[in-house]
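> Before we start, here is the structure in question, set down as structure tokens.
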Amino acid sequence: MRTPFVAGNWKMHKTLGEGLELVRGIRERVKPGLKVNVAVCPPFTLLHAISKEIEGSAIRLGAQNVNWEAKGAFTGDISASMLLDAGCTYAIIGHSERRHVFGETNEMLAKKVPAAMEAGLEVIYCVGETLEEHEAGRTQAVVAAQLDEVIKGDLDPTKLTIAYEPVWAIGTGKTARPDQAQWVHVFVRGKLAGIFNESAANSMVIQYGGSVKPGNAGELMSCPDVDGALVGGACLVAEDFAAIIAAAAEASA
Ligand code: PGA
């Protein structure tokens with residue numbers, strides 16, 4: 001039985017005051033004892049303050065990116081130990097905006113994932129095909145390469161979450177149909193069984209991401225292999241994020 005995991009990717013949104021207000025709203029609505037793991041992933045500047053604000057709650061903290069080196073001359077980047085120091089449990093790695101806007105390659109991500117995990121972070125590793133790849137019927141090939149080239153069998157599968165985020169569904173208001181999401185999630189789980197083993201793969205959480213909203217969360221979360229969500233836009237409103245968390249709880253009850 002997998003515990004669903006809903007994470008909010010705040011992207012480049014919220015100043016300190018706005019972020020504190022949002023996380024207080026989430027905290028009020030996410031009661032301890034809920035059978036869903038919940039994380040918020042604010043911008044770096046807010047991590048420390050938000051970690052204080054969620055102390056004693058069931059909400060965990062994640063970062064949106066991490067460098068593979070422990071320290072050094074990497075202007076603008078941040079290390080795993082800095083994120084741990086700021087209170088992070090998780091790092092999102094390989095988000096499509098990092099891949100497609102900032103040019104991160106599977107080769108770079110293959111350095112980030114083990115470095116983050118060795119330092120003690122849990123990783124949410126994102127995979128997903130672009131619209132062009134989707135229309136060309138290349139979804140499985142793209143996702144397979146994103147997994148094969150980055151996720152190696154010597155990583156600890158209990159510290160790894162996969163987020164399947166079709167790029168054509170991110171921030172577009174278009175969501176994969178539940179059957180489309182389920183189909184890719186089954187494919188991802190099969191790949192994970194090959195990389196690790198079947199029992200590890202069956203225990204791993206595979207989140208869906210891409211325009212998840214309160215109105216579509218229920219049907220997505222009720223797919224047997226969809227174990228939660230990586231939420232962008234809708235996580236910026238406490239009520240909406242809480243409604244998605246509630247949908248995940250309900251689907252797994
Ligand atoms: P969205 O973003 O929910 O706004 O589509 C999801 C994501 O990028 O993780």
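The values are calculated or read from the model by the stated rules, or taken from the named source; none is laboratory data. Bear in mind the structure is a predicted one, so any value in this text is a computation, not a measurement. In this analysis, Cβ positions are derived from the backbone assuming ideal geometry, glycine residues included, and neighbour counts consider all displayed protein chains. To get the accessible areas, we keep the full protein, side chains included, count just its heavy atoms, and leave off ligands, DNA and RNA. Shrake-Rupley method; radii C 1.70, N 1.55, O 1.52, S 1.80 Å.
> Rounded to whole Hz and in sequence order, give me ³J(HN,Hα) for the range 147-163 from the Karplus expression 6.51 cos²θ - 1.76 cosθ + 1.60, θ = phi - 60°, writing x for Gly and Pro.
Once θ is set to phi - 60°, the couplings for the range 147-163 become 7, 4, 7, 10, 9, 10, x, 8, 6, 8, x, 6, 10, 10, 10, 9, 10 Hz.
> Related question: Checking the a/c ratio against 1.5 first, then a/b against b/c, what shape does the Cα gyration tensor give for the chain?
Rounded, since a/c falls under 1.5.
> Same structure, new question: Using the Karplus curve 6.51 cos²θ - 1.76 cosθ + 1.60 with θ = phi - 60°, work out ³J(HN,Hα) for each residue of the range 98-108 in order, rounded to whole Hz, and write x for Gly and Pro.
5, 5, 8, 8, 10, x, 6, 10, 4, 4, 5
> For the range 191-253, take the convex hull of the Cα atoms, compute a quarter of its surface area, and give me that in nm², please.
Values: hull surface 18.0 nm².
Hull-based average projected area comes out at 4.5 nm².
> Only loop residues by DSSP count here, and only those with at most 15 other Cβ atoms within 10 Å; note down the GluC sites (Glu not before Pro) in the range 114-204 that meet that. Provide the component values of the computation, followed by the final result.
Working: sites: E118, E122, E129, E132, E133, E135, E149, E198; in loops: E129, E149.
Counting only loop positions with at most 15 other Cβ atoms within 10 Å, the GluC sites (Glu not before Pro) in the range 114-204 are E149.
> Enter the Cα centre distance for the pair the range 193-219 and the range 1-67, rounded to the nearest angstrom.
Distance between centres, Cα-based: 20 Å.
> Can you list residues from other chains, or at least 5 along the same chain, whose modelled amide H is less than 5 Å from the amide H of A229?
F5, V6, A7, Y208
> Can you run phi through the Karplus equation (6.51, -1.76, 1.60; θ = phi - 60°) for the range 82-88 and list ³J(HN,Hα) in whole Hz, with x for Gly and Pro?
With the stated coefficients, the range 82-88 comes to 5, 5, 4, 4, 7, x, 6 Hz.
> Sorted by average packing, counted as other Cβ atoms within 10 angstrom per residue and highest first, what order do 139-145, 8-14 take? Intermediate results must be reported in sequence, preceding the final value.
Numbers: 139-145: 16.9, 8-14: 19.3.
Per-residue Cβ counts within 10 Å, averaged per peptide and sorted highest first, yield 8-14, 139-145.
> Quick one: which of K11/K159; K71/K174; K111/K213; K14/K191 span more than 28 angstrom between C-alpha atoms?
Details: K11/K159 22 Å; K71/K174 39 Å; K111/K213 33 Å; K14/K191 36 Å.
Too far apart for the 28 Å limit: K71/K174; K111/K213; K14/K191.
> Once amide H atoms are built 1.01 Å from N in the peptide plane, which residues 5 or more positions from E122, or in another chain, come under 5 Å H to H?
Result for E122 returns Y90, A91.
> When the chain is modelled as a GNM with alpha-carbon springs shorter than 10 Å, which of Q146, Q64, Q180 fluctuates the most?
Looking only at Q146, Q64, Q180, the biggest GNM fluctuation is shown by Q180.
> Here's something else I'd like to know. Using only alpha carbon pairs under 8 Å that are at least six residues apart, calculate the relative contact order of the chain and give it in whole percent. All intermediate terms of the calculation are to be shown ahead of the outcome.
Details: 506 pairs, mean separation 54.6, N = 253.
Reported relative contact order: 22 percent.
> Which aspartates and glutamates have a Cα lying under 20 Å from the Cα of K35, excluding residues fewer than 8 positions away in the same chain?
Those aspartates and glutamates meeting the cut-off are E55, E122, E219, D225, D227, E239, D240, E250.
> Going 7 Å from the Cα of K31 toward and past its Cβ, which residues in the range 221-251 have a backbone nitrogen under 18 Å from where you end up?
Residues 239-251 qualify, since their backbone N sits under 18 Å from the label point.
> Right, another one. Compute the accessible area per residue over the chain, keeping the other protein chains in place, probe 1.4 Å, unit Å². Before the final figure, lay out the partial values.
Working: 11120 Å² over 253 residues.
On a per-residue basis, 44 Å².
> While we're looking at this one, here's another question. Taking all protein chains as present, what is the carbon and sulfur share of the accessible area of the chain, in % to the nearest whole number, probe 1.4 Å?
On the way: 5820 of 11120 Å².
The computed percentage sits at 52.
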